[in-house]
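Structure first, then comments.
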Amino acid sequence: MSQIIKAFMGVFLTLFMAVTAMGILAAYMEVMNAQDMQARIVDEIENSDFNTGVVRQCFLQSEEAGYQLKVTFFNENSTVATVSQVSQIPYGMDGVDMAKVEMQFPFQVAFLGINRQHTFVSYAK
């Protein structure tokens, strides 16, 4: 009788660990995807010299992936413009020196009951 209980406990613990590991790996992959997308967005903004069309496309890509993008533009004349939606992108972005790129993404491990929003922040020069 004790061998049956030990066998069931072994199977139960193995399944528990497998499900927990799958949830953690899925969350890790989501973090890696968000980090990769943010790095690509920063590179595109830097390489385009803060082009309006490129910034618009970056917002559309992040929305399509389910992430929230927020870009703060710093101009040479010390003015600051924060954009959190495609409709807020200014048409003329001449004199932009630097941009702060913040991307918020969901982090969740359903099996453990973790459901949070995390933010990556980086700068484009």
Which one is farthest from MET37 (Cα to Cα) among residues in segment 91-106 that are surrounded by 12 or more Cβ atoms within 10 Å (Cβ to Cβ) and modelled with pLDDT under 90?
GLY95
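Pick from segment 59-80 the residues that are of a type in the set (Phe, Trp, Tyr) and over 9 Å from the mean Cα position of the chain (by Cα): which of them is farthest from VAL96 (Cα to Cα)? Spell out the reasoning first.
Kept after step one, since they are of a type in the set (Phe, Trp, Tyr), are these residues of segment 59-80: 59, 67, 73-74.
Keeping just the survivors that are over 9 Å from the mean Cα position of the chain (by Cα) gives 59, 73-74.
Numbers: PHE59: 18, PHE73: 6, PHE74: 6 Å.
Among those that are of a type in the set (Phe, Trp, Tyr) and over 9 Å from the mean Cα position of the chain (by Cα), it is PHE59.
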Check off (1) part of a helix (DSSP H, G or I); (2) open to solvent by 70 Å² or more (accessible area, probe 1.4 Å); (3) within 22 Å of ALA34 (Cα to Cα) for VAL54 and give me the number that stays unchecked.
(2)
Hits in segment 34-51 - residues which are open to solvent by 70 Å² or more (accessible area, probe 1.4 Å) and either basic (Lys, Arg) or in a loop (DSSP other than H, G, I, E, B) (or both)
ARG40, ASP49, ASN51
I need a count of the residues in segment 93-125 that are assigned to a loop (DSSP other than H, G, I, E, B) and in contact (Cβ under 8 Å) with a residue 24 or more places away in the chain.
2
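Tell me, please, whether a residue that is touching a residue at least 40 places away in the same chain (Cβ under 8 Å) and open to solvent by less than 90 Å² (accessible area, probe 1.4 Å) can be found in segment 73-80.
No: segment 73-80 contains no residue that is touching a residue at least 40 places away in the same chain (Cβ under 8 Å) and open to solvent by less than 90 Å² (accessible area, probe 1.4 Å).
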Out of all the residues in segment 15-33, is one or more open to solvent by 70 Å² or more (accessible area, probe 1.4 Å), out of contact with any helix residue (DSSP H, G or I) (no Cβ under 8 Å at 6 or more places or on another chain), at pLDDT below 90 and more than 17 Å from GLY113 (Cβ to Cβ)?
no
Candidate set from segment 57-90 (those that are over 19 Å from ALA34 (Cα atoms) and part of a loop (DSSP other than H, G, I, E, B)); member that is modelled with the lowest pLDDT
PRO90
Any residue at all in segment 43-58 that is touching a Cys at 6+ places or on another chain (Cβ under 8 Å) and over 30 Å from VAL109 (Cβ atoms)?
yes
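The values are calculated or read from the model by the stated rules, or taken from the named source; none is laboratory data. The model shown is predicted, which means the values in this text are computed figures rather than measured ones. A quick note on method: Cβ atoms are made from the backbone with ideal geometry, for glycine too, and the neighbour counts reach across all protein chains shown. Ligands, DNA and RNA are stripped out before the accessible areas are found, and what is left, the full protein with its side chains, is counted by its heavy atoms. Shrake-Rupley method; radii C 1.70, N 1.55, O 1.52, S 1.80 Å.
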